[in-house]
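Just below is one structure, and these are the notes that go with it.
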Amino acid sequence: MMVPPAIHLGLEISVLAENEGSSARLAATRVGDYHDAATVLAFAQGVDAITFDHEHVPQSVLRALVDAGVAVHPSPEALFVAQDKLVMRQRLTDLGLPVPDWARLETPADLAAFLADHGGRAVVKTARGGYDGKGVRVVSDPSEVADWFAGLSDPSVDPESTGGALLAEELVEFRRELAQSVARRPSGEIVAWPVVESVQRDGVCAEVIAPAPSSAGRLADMAEDIARTIAAELGVTGVLAVELFETTDDRILINELAMRPHNTGHWSIDGSTTSQFEQHLRAVLDLPLGDTGTFEDWSVMINVLGGPTTGTLADRLPAAMADQPSAKIHDYGKDPRPGRKVGHVTVVGDDLDDVVFRARAAADHFLD
Ligand code: ADP
């Protein structure tokens with residue numbers, strides 16, 4: 001999704017795709033393993049800057065790039081905070097920012113103590129490697145994460161891949177989930193999009209409403225302040241998305257960080273003057289950042305999760321287009337599989353109910 005704005009801006013872009021079947025294959029200039037420093041170093045020869053669309057590139061590979069003189073955005077130091085949820089919780093706590101109660105767990109006894117202090121229920125997360133709710137469990141007894149504790153003490157499991165401990169968090173009572181995206185360029189300029197509401201199903205983002213309804217004023221200001229502070233204090237370069245909880249007692253707590261264009265910002269492709277993908281390119285190249293205004297009052301983005309059980313999204317395209325001509329449809333070209341994000345639909349307009357209706361109607365064509 002960074003390729004179209006790169007073409008429009010006349011920027012040369014090269015993509016290292018992880019396999020032939022990945023959705024970046026159309027743009028791939030090279031296919032290779034991002035865990036392998038030699039592969040990534042060879043790929044980086046002659047580029048002005050290198051960036052990522054996920055945070056799983058190992059620190060050793062990032063460091064090798066920096067050592068070879070490649071401009072890496074975001075920097076390995078900043079990215080580390082998004083790669084490890086324990087490091088993230090510690091840094092945010094040190095910055096005095098609002099986070100759920102949390103603890104580092106090395107043994108089941110640590111979790112038993114945390115549960116005793118938090119009404120008998122808690123959220124346990126793996127420190128590294130989780131996404132889309134994998135690596136997150138709500139538990140009331142340490143036995144429910146016995147497998148994760150076993151992984152920590154298993155000598156055949158690389159501590160690099162686990163982070164060496166688990167994270168416990170209070171089970172936050174939230175009214176809704178929000179996300180605040182900003183972009184920061186190396187010279188320090190920061191811009192913010194409006195805070196959005198993200199509706200999650202089974203730990204996966206299903207729908208996004210931009211801006212979050214009833215967010216103008218205090219809520220929007222708090223969310224933007226938090227994201228700007230994190231971007232500046234951690235020296236983030238590129239897009240930073242901050243996932244937030246709006247609690248039932250009107251507080252904002254930070255759930256997690258992503259230092260890259262994020263699913264909750266996909267609406268900006270069709271709803272904002274500058275999409276998060278164009279902005280990310282501008283930011284990592286230290287170009288002046290673009291306007292983050294919206295074209296219409298509301299943008300609603302619906303993820304196509306799983307896709308049809310027969311055929312492909314492309315088969316359903318004519319019916320969806322005919323039924324909802326205002327919908328902007330994005331097909332990632334991935335094989336449908338239960339729960340997989342295979343595309344999204346965005347509709348913009350000035351009446352929220354109508355925009356939600358049209359977006360859902362369009363997205364429904366891609367499901368059974
Ligand atoms: P991932 O890295 O897999 O996206 P998250 O840490 O964002 O995992 O958690 C996934 C979802 O689980 C969140 O969007 C939220 O719905 C729920 N969740 C996570 N942490 C908490 C918490 N402390 N209290 C309540 N719900 C939570």
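Laboratory data are not the source of any read-out in this text; all were calculated from the coordinates shown. The structure presented is a predicted model; accordingly, all values stated were derived computationally and were not measured. Note that we place each Cβ from the backbone using ideal geometry, even for glycine, and neighbour counts take in every protein chain shown.
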In this structure, is GLY339 within 20 Å of the chain's Cα centre (by Cα) and part of a loop (DSSP other than H, G, I, E, B)? yes
Quick one: ASP202 ticks every box in (1) in contact with a Ser or Thr (Cβ under 8 Å, 6 or more places away or on another chain); (2) closer than 25 Å to GLY343 by Cα; (3) within 13 Å of the ligand (Cβ to nearest atom) bar one, so which box is it? (1)
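Listed here are the residues, each with its yes/no results for (1) assigned to a strand (DSSP E or B); (2) within 16 Å of the ligand (Cβ to nearest atom).
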residue	(1), (2)
ILE254	yes, yes
PHE277	no, no
ALA283	no, no
THR292	no, no
VAL300	yes, no
GLY307	no, no
Count of residues meeting criterion [over 23 Å from THR126 (Cα atoms), part of a strand (DSSP E or B) and of a type outside the set (A, V, I, L, M, F, W, C)] in the range 177-207: 5
Looking at the range 65-107, which of its residues are in a helix (DSSP H, G or I), crowded, with 18+ Cβ neighbours inside 10 Å and over 19 Å from the mean Cα position of the chain (by Cα)? LEU65
So for the range 115-124 (the condition being exposed (fewer than 15 other Cβ atoms within 10 Å of the Cβ), at negative phi, in a helix (DSSP H, G or I) and not basic (Lys, Arg)), does at least one residue qualify? yes
Going by the structure shown, is ALA192 closer than 23 Å to THR346 by Cβ and either surrounded by 13 or more Cβ atoms within 10 Å (Cβ to Cβ) or within 16 Å of the ligand (Cβ to nearest atom) (or both)? yes
Just to be sure I understand the filter: pairs with C-beta atoms under 6 Å, separated by 6 or more residues or on different chains, first member in the range 127-139 and over 15 Å from CYS205 (Cα atoms) and of a type in the set (Phe, Trp, Tyr), second member near the ligand (Cβ under 7 Å from one of its atoms) and part of a strand (DSSP E or B). Which pairs pass? none
Scanning the range 130-158 residue by residue, those surrounded by 13 or more Cβ atoms within 10 Å (Cβ to Cβ) and near the ligand (Cβ under 9 Å from one of its atoms) turn out to be GLY130, TYR131, ASP132, GLY133, GLY135, VAL136
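Quick grid of which residues meet (1) surrounded by fewer than 18 Cβ atoms within 10 Å (Cβ to Cβ); (2) in contact with a strand residue (DSSP E or B) (Cβ under 6 Å, 6 or more places away or on another chain); (3) under 21 Å from PRO211 (Cβ atoms); (4) touching a residue at least 12 places away in the same chain (Cβ under 8 Å):
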{"residue": "TYR332", "(1), (2), (3), (4)": "yes, yes, no, yes"}
{"residue": "ARG337", "(1), (2), (3), (4)": "yes, no, no, yes"}
{"residue": "VAL342", "(1), (2), (3), (4)": "no, yes, no, yes"}
{"residue": "LEU367", "(1), (2), (3), (4)": "yes, no, no, yes"}
